[in-house]
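A.B. asks: I'd like to ask some things about the structure below.
The values are calculated or read from the model by the stated rules, or taken from the named source; none is laboratory data. Note that this is a predicted model, so its numbers are computed, not measured. Every residue, glycine among them, receives a Cβ derived from its backbone with ideal geometry; neighbour counts consider all protein chains shown. Remember, those area values only see protein heavy atoms, side chains included, never the ligands or the DNA or RNA. Shrake-Rupley method; radii C 1.70, N 1.55, O 1.52, S 1.80 Å.
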Amino acid sequence: MPDITPNVSFDKVAREMRCKWSEDNDKASLVQCQEILEANLPAIKALDGFQSVNRVVCGGCKDFKIIVTLDAEKYGDWENSSFAPESVILDALAAVDGVSSIETQTFTFMEM
């Protein structure tokens, strides 16, 4: 199990893909964000070391987040593959009218 410090360990690493969606056109951009996620779920779930995929939606701040969690030992392999299918997802989100602030972030997870 990797350690950040002697008392901070982790066994999972997550990659978050996030964007802002718009209320315009009856929240059409949020509908499309969900469709993009659903289209890529099989590829995400097929990742070696896959643990989970979670979707976060905030109606107040208009966040749409996809969080993919892998075993820490397998994360480097995914990183070396440029986080596929991340670029497909990000490119699709960028093409949606009303989507902005597309970002990614990596962080560790440890159930306590």
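A.B. asks: Please specify each residue of the range 32-56 satisfying the condition of being surrounded by 13 or more Cβ atoms within 10 Å (Cβ to Cβ) and either of a type in the set (Val, Ile, Thr) or part of a strand (DSSP E or B) (or both).
C.D. replies: Across the range 32-56, the qualifying residues are Ile36, Ile44, Phe50, Gln51, Ser52, Val53, Arg55.
Let's see how each residue does on (1) out of contact with any helix residue (DSSP H, G or I) (no Cβ under 8 Å at 6 or more places or on another chain); (2) outside any loop (DSSP other than H, G, I, E, B):
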{"position": "Val68", "(1), (2)": "no, yes"}
{"position": "Glu73", "(1), (2)": "yes, yes"}
{"position": "Ser82", "(1), (2)": "yes, no"}
{"position": "Ile89", "(1), (2)": "no, yes"}
{"position": "Ile102", "(1), (2)": "no, yes"}
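A.B. asks: Does Ala43 meet the test of being over 17 Å from Arg18 (Cα atoms) and more than 15 Å from the chain's Cα centre (by Cα)?
C.D. replies: no
A.B. asks: Then there's this: Between a residue in the range 32-48 that is modelled with pLDDT of 95 or more and any residue that is in a helix (DSSP H, G or I) and among the basic types (Lys, Arg), which pairs come within a Cβ distance under 8 Å, given they are 6 or more apart or on different chains?
C.D. replies: Going by the 8 Å Cβ cut-off, the qualifying pairs are Leu47/Lys74; Asp48/Lys74.
A.B. asks: Another question, then. Using the structure shown, decide if Ser52 is more than 14 Å from the chain's Cα centre (by Cα) and either closer than 20 Å to Thr104 by Cα or among the polar types (S, T, N, Q) (or both).
C.D. replies: So Ser52 does not fit the description; no.
A.B. asks: Name the residues in the range 91-100 that are assigned to a loop (DSSP other than H, G, I, E, B) and either small (Gly, Ala, Ser) or open to solvent by less than 40 Å² (accessible area, probe 1.4 Å) (or both), would you?
C.D. replies: Passing the criteria: Ala95, Val96, Gly98, Val99.
A.B. asks: Another question about this same structure. Only one of these conditions is not met by Arg15: (1) in a strand (DSSP E or B); (2) of a type outside the set (Phe, Trp, Tyr); (3) within 18 Å of Val96 (Cβ to Cβ); (4) open to solvent by less than 50 Å² (accessible area, probe 1.4 Å). Which number is it?
C.D. replies: With (1) in a strand (DSSP E or B); (2) of a type outside the set (Phe, Trp, Tyr); (3) within 18 Å of Val96 (Cβ to Cβ); (4) open to solvent by less than 50 Å² (accessible area, probe 1.4 Å) applied to Arg15, the lone miss is (3).
A.B. asks: Now for a separate question. Taking Ser22 as the residue in question, decide whether it is of a type outside the set (D, E, K, R), in a loop (DSSP other than H, G, I, E, B), more than 18 Å from Ser87 (Cβ to Cβ) and modelled with pLDDT of 95 or more.
C.D. replies: So Ser22 passes the test.
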